[in-house]
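Structure record follows, encoded as structure tokens.
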Amino acid sequence: MASRASKIAAVAREIFGTLPNRGVRTGLQFLKKPLTGAYEARYYMEPIEPFARKAQRHCSLVPIYTSELQERRHLKLRTLRQRGKGPPKKGSGKRK
């Protein structure tokens, strides 16, 4: 009887596409979820810096491109130098 029931259960699994319930973690609930990679890839914009620098190299009419991060660093360095807190000039660091 058990073999007949197991055969019926096996055929039912093939027909209905289910897995046996044995209390085993299979991770199927994560596999059933729709994939989100394409949405996440669209969420983050492609950086413009490589294209801007390439255009700058090929055409002299394109203005010099600086990213917001570069501008922020330059501004901070300028303010630090005005206060006398900037990096030392080359060769004037610690010497023995």
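The values are calculated or read from the model by the stated rules, or taken from the named source; none is laboratory data. What you see is a predicted model; the values in this text were computed from it and never measured. FYI the Cβ positions are ideal-geometry reconstructions off the backbone, even for glycines, and counts take in every protein chain you see.
For region 1-51, how many residues meet the condition of being closer than 30 Å to Ile64 by Cα and among the small types (Gly, Ala, Ser)?
Adding up the residues that qualify gives 1.
If you go through region 29-54, how many residues are among the aliphatic types (A, V, I, L, M) and surrounded by 10 or more Cβ atoms within 10 Å (Cβ to Cβ)?
Of the residues in region 29-54, 2 are among the aliphatic types (A, V, I, L, M) and surrounded by 10 or more Cβ atoms within 10 Å (Cβ to Cβ).
Using beta carbons and a limit of 7 Å, which pairs, at least six apart or on different chains, have the first residue in region 58-82 and surrounded by 10 or more Cβ atoms within 10 Å (Cβ to Cβ) and the second one in a helix (DSSP H, G or I)?
Filtered contacts from region 58-82: Val62/Ala55; Val62/Gln56; Tyr65/Ala52; Tyr65/Arg53; Tyr65/Gln56; Ser67/Glu49.
Of the conditions (1) under 30 Å from Pro87 (Cβ atoms); (2) at pLDDT 85 or above, Ile64 fails just one. Which one is it?
With (1) under 30 Å from Pro87 (Cβ atoms); (2) at pLDDT 85 or above applied to Ile64, the lone miss is (2).
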